[in-house]
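Data block below; observations after.
The values are calculated or read from the model by the stated rules, or taken from the named source; none is laboratory data. Given the structure is predicted, the values throughout are model-derived calculations rather than measurements. Note that each Cβ is placed from the backbone with ideal geometry, even for glycine, and that neighbours are counted across all protein chains shown.
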């Protein structure tokens, strides 16, 4: 594995995929707990969340639709805040730390908010094109995905 100018070697696809999976479990569990909490609060106040049989088909009530939208917005916002918070604070999300990985800028400087935001946007771009942006890690010499290239970062082993 080629060594970069930073402390560790470039992190490979498998360790990064495991770290990403751990982070997605954390974000998904948080989203589930938020949605369950909001549902419990609505039930506590007697708000009906049951389905309605309308013209022979089951439809979500307005409150259920609101809970679904609130859960989706929470997940999207929490995912963004989660990533940016940990990237800017310690250079790695909990999943990356668990795998001994760290995100560093190509020039060695700390990650800025704008570059972290670009990197996060790159996650979605990488996803939209049949995951090619993530698979790019396998063939790139610095093991950069499209999100890394957009954010001008590399992920290295930090142990």
query = Within the range 11-32, is even one residue modelled with pLDDT of 80 or more, surrounded by 11 or more Cβ atoms within 10 Å (Cβ to Cβ) and not in a helix (DSSP H, G or I)?
reply = yes
message = Condition first: surrounded by 12 or more Cβ atoms within 10 Å (Cβ to Cβ) and either within 14 Å of the chain's Cα centre (by Cα) or assigned to a loop (DSSP other than H, G, I, E, B) (or both). Now tell me which residues in the range 125-147 satisfy that.
response = 125, 126, 127, 129, 134, 140, 142, 143, 144, 145, 147
task = Collect the residues in the range 111-124 that are in a helix (DSSP H, G or I), in contact with a helix residue (DSSP H, G or I) (Cβ under 8 Å, 6 or more places away or on another chain) and closer than 16 Å to residue 89 by Cα, keeping them in residue-number order.
result = 113, 115, 116, 117, 119, 120
